[in-house]
Structure formats: structure tokens, C-alpha cells
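A short worksheet on the structure shown next.
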Amino acid sequence: MPFLPDLEGWAVFARVADSGSFAGAAEELGLSRATISKIIARLEGRIGAPLFNRTSRRLSLTEVGRASLERALSMLEQAQGLEENARSSSAAPRGLVRISAPVSFGLMHLKPLIPQLLAEHPGIDIDLRLDDAVVDLVAGGYDMAIRIAQMPDSGLRVRRIAQMQMKIVAAPSLLERGTPEHPRDLDMALCLGYGHGTMAGRWRLRHESTGEEASLLPEGRLRTNNGDVLLEAARSGQGFALAPDFLIWNDLMSGALVPVLTDWSLPLLDLNIVLPPSLLRPARIAAVASFLTGQLSKCCWIVRDKAA
């Protein structure tokens, strides 16, 4: 029968390397320095190579140690996640979940859900940070993020909740001057610019029937990275705006804004929950992701036949 790997040894190795000293790892793990030294010596004897260069003043990784550290840290992280999942599987989810989301989306669509989420999961605490910048989930210590974009390939795990349409809209007062029938009829000086993410830069349209394509570059007097600011200007008749349905739905229902060029379509946007790359999900994170997916997939502005 093959020997089992020295999982304890690799876990202790990762802690020593992370803390930078045997003494630091011993304090962190609640073990004696002598015990830490014996575990590392046992592991080094097993693999037949030293993992650390030791001097009286300094501890550094050998070439073998450097080559092994990333996988040892990954193994330790997955083992910790496995234990947390096992502990939480027999109890209600507990603990803090840190979430990043865009400002306008968070205020309009997450804010109403947070009280229900807290009520349904009394053991879960939420730290919701609203920011239109794309944060680094791992470096920032986030458990998940809401992102509205076609996601590029990356190490992150992406769960698409749904898709949504984008529209070019204007106030009725602006359309009193004339309603554009073709993208070339749009005065670029009256097209307001959104300067963030997928919706930044050019407007790319495609005719539903003919397949004709058009590309427009807004040159209006306003450019902003906040949808609320953009739409306030559009409602006042200052120009045409390109916006996703989640942002303009109420304005369309009330008539404050009117869609134009309705025979032309724009690329769909994905509504995603994005998670760090680890395959293991503590119960608290799985519960919050499931809740948000279930609630947001019911929204009236999603494209039903395109939703994931």
C-alpha cells in the first residue's frame, strides 16, 4: 500500500514560509519551536532535499522550497475550506461575506434585497462595498462581486445570472426636434458618454432585419462613469444616452425616457456573480450567492430566453 503524503508537514512548511520564521509559525500554530523543527526535518528527510536555508539570523527558502511553496499554500487553503464546509454542513451558515458591486446597481437592486438576506440568514453578516472600479477580489479580500459585463477568461469563477439589453434613450422634449430613424441621424454632439467598463467608448449597433452595422462615438458635453449622473442629464433633454435596462426600466415605464432606434440592437450585457478561484465554497458564501442568483433572476428587466 503506498504511503500517504505528509500533509501535516506540508501545512507546517507553508506556515513557516508565510510567517518567515520557525518561532512565528510556532506561535501561530500553538506548538513549540522544537516541534516545528522536527516536523520540517521529517518532511525534508522524506523528500530528500532541504526546504529552508538556515542561519543564526536568517531563514530563506531553497530552490526546492520556492518551487513547492505555491502548491503547499494552495493545499492548505483547500484543506481549511474543506474543514469549514464540513463544519458548516450540519449547521446554519455563519460568518462574514464581503461583496463588491457597482454603485448604481447596488443602490437600485441590491439595497432592497439586503434586509431580506439578513432576515433569511441570521448567522451571516454582510460587508457590501459599492464601487464602479473593477476590484481585485483576492487582493481586496472579497468573497464575491457583482459584475455587469462580458467576462474575459481569467482564474475567477463566473456564475452568469442573466442577460440584459441596452438601449439608446432620450427625453420626450429632445425628440420634439425629431426622432432619429438611422444611427447616422444621431447628432454626436448630443450623445452623452458613459466612461466605464463595457459601455465605455463607441456605441455599436446592428439592424435587426438587414444586419447592417453602425459604430458611433459620442461627442456630447457630458462624460461620466456614473449611470445616475448620465440619466439625470438625459431626462432633462441634454442628449441621448446609452444605458442598460436595469438602470432605465422605471424611466421607460413612466415615460421620462423613450427608446430610439428600436429596430437596431446593441450587444447584450451579462449579469454575473464572480467568485475567487478556489473550488471550495464555505456555506455562508454559497448561501449568499444562491440567494442573490434567485432574487436577481426574477427581475423584470432580464432577457428571459437568454438567461443562464
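What do you reckon, is ILE146 more than 12 Å from the chain's Cα centre (by Cα) and either small (Gly, Ala, Ser) or under 30 Å from ASN250 (Cα atoms) (or both)? No.
With a requirement of 3 or more residues that are not aromatic (Phe, Trp, Tyr), the strands (runs of 3 or more DSSP E) lying completely within the stretch 6-101 that satisfy it span 59-61, 95-101. Taking the condition of a type in the set (Phe, Trp, Tyr) and surrounded by fewer than 13 Cβ atoms within 10 Å (Cβ to Cβ), does PHE22 pass? No: the conditions fail for PHE22.
Say we look at the stretch 25-59 and pick out the residues that are out of contact with any helix residue (DSSP H, G or I) (no Cβ under 9 Å at 6 or more places or on another chain) and open to solvent by less than 80 Å² (accessible area, probe 1.4 Å); which of these is modelled with the lowest pLDDT? Applying the filter and picking the extreme gives GLY30.
Residues in the stretch 98-123 that are among the aliphatic types (A, V, I, L, M) and touching a strand residue (DSSP E or B) at 6+ places or on another chain (Cβ under 6 Å) were compared, and the one that is surrounded by the most Cβ atoms within 10 Å (Cβ to Cβ) is ALA101.
Put simply, of ALA79, ALA92, ALA14 the only residue that is at pLDDT 85 or above, of a type in the set (Gly, Ala, Ser), within 36 Å of the chain's Cα centre (by Cα) and under 26 Å from ILE285 (Cβ atoms) is ALA14. Tallying residues that are surrounded by fewer than 21 Cβ atoms within 10 Å (Cβ to Cβ) and in contact with a helix residue (DSSP H, G or I) (Cβ under 7 Å, 6 or more places away or on another chain) within the stretch 149-162 yields 4.
The values are calculated or read from the model by the stated rules, or taken from the named source; none is laboratory data. Note that the structure is a prediction, hence the values are computed from the model and not measured. Every residue, glycine as well, gets a Cβ built from its backbone with ideal geometry; the counts of neighbours run over all protein chains shown. Protein only, heavy atoms only, side chains kept; ligands, DNA and RNA dropped before computing areas. Shrake-Rupley method; radii C 1.70, N 1.55, O 1.52, S 1.80 Å.
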